[in-house]
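Working notes, beginning with the structure itself.
The values are calculated or read from the model by the stated rules, or taken from the named source; none is laboratory data. Just so we're clear, the structure is a prediction, and the values are computed from it rather than from any experiment. Neighbour counts are summed over all protein chains in view; Cβ atoms, including those assigned to glycine, are modelled from backbone coordinates with ideal geometry. Heavy atoms of the whole protein, side chains included, go into the accessibility calculation; ligands, DNA and RNA do not. Shrake-Rupley method; radii C 1.70, N 1.55, O 1.52, S 1.80 Å.
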Amino acid sequence: MKAIATLALATMAVSSVFATAAQGSGQGSWTLNLGIAFPSGDHKDAGFDNMFGVGVDYNLGMVGNGSNATSYIGVAALFGSGDSDTDSRTWGVHYGWMFPLNNGGNSSNFALKLQGGYYNTEIKSPSAAAATEDKWALGGMVGLVWKPQSNSGQNYQIELGYYMYPKVSGADNVGFQVSVGIPFNSK
């Protein structure tokens, strides 16, 4: 828990540096992401039918000159329980990009999301045969984001994606996820 708190505080400190530069461009918003994951492969075989995900992203603004792509940094975690009371937890920091899928030069409500980061996957089992194991490694996800328009602007986003997080003892940690992003503290 101490590591998660340290990671969250470090992300907030780093993002506050970018907030000063982003204020003039209208960027600098935060997004709370809540979702459900559907593991495949080894996690699915171990009885992890679904997992709960939570994360916070900080929008850094446009990438480069003349680009519609935006970038962000954040923290995320994925939790779940499988067969025999086995628990899986993945958490880490990431950097990502959102590329709008334009329609004939007009703004689109859809975007491609690419995210990479450094994550820790931990598997805990109460049985004596399988001890707690964890591993830090690179991971990420790719997804399609939909940002519905409302009279007051884009208030939330819905994402469908595929994640790839670190393996533990040869057991992969991949699957699909659906999440809702709720912006807050927008500049």
Check: What is the residue count in region 64-79 for residues that are more than 16 Å from HIS94 (Cα to Cα) and either basic (Lys, Arg) or open to solvent by 20 Å² or more (accessible area, probe 1.4 Å) (or both)?
Finding: 6
Next item on the list: Might you let me know whether region 55-72 holds any residue that is modelled with pLDDT of 90 or more and among the charged types (D, E, K, R)?
Entry: yes
Check: Which residue pairs have Cβ atoms under 7 Å apart, sit 6 or more places apart or on different chains, and have a first residue in region 156-174 that is under 22 Å from PHE184 (Cβ atoms) and of a type in the set (Ser, Thr, Tyr) and a second that is surrounded by fewer than 15 Cβ atoms within 10 Å (Cβ to Cβ) and at pLDDT 95 or above?
Finding: TYR156/VAL180
Notebook entry, point to check: Taking SER84, is it modelled with pLDDT under 95 and open to solvent by 40 Å² or more (accessible area, probe 1.4 Å)?
Noted result: yes
Note to self: Among the listed residues GLY175, GLY161, identify the single one that is on the phi < 0 side of the Ramachandran plot, open to solvent by less than 40 Å² (accessible area, probe 1.4 Å), modelled with pLDDT of 95 or more and assigned to a strand (DSSP E or B).
What the structure shows: GLY161
Margin query: Let me spell it out: the conditions are (1) in contact with a helix residue (DSSP H, G or I) (Cβ under 9 Å, 6 or more places away or on another chain); (2) at pLDDT 95 or above; (3) surrounded by fewer than 17 Cβ atoms within 10 Å (Cβ to Cβ), and MET51 meets all of them except one. Which number is the exception?
Written below: (3)
Next item on the list: For region 33-45, state whether one or more residues are surrounded by 14 or more Cβ atoms within 10 Å (Cβ to Cβ), more than 16 Å from PHE176 (Cβ to Cβ) and touching a strand residue (DSSP E or B) at 6+ places or on another chain (Cβ under 8 Å).
Entry: no
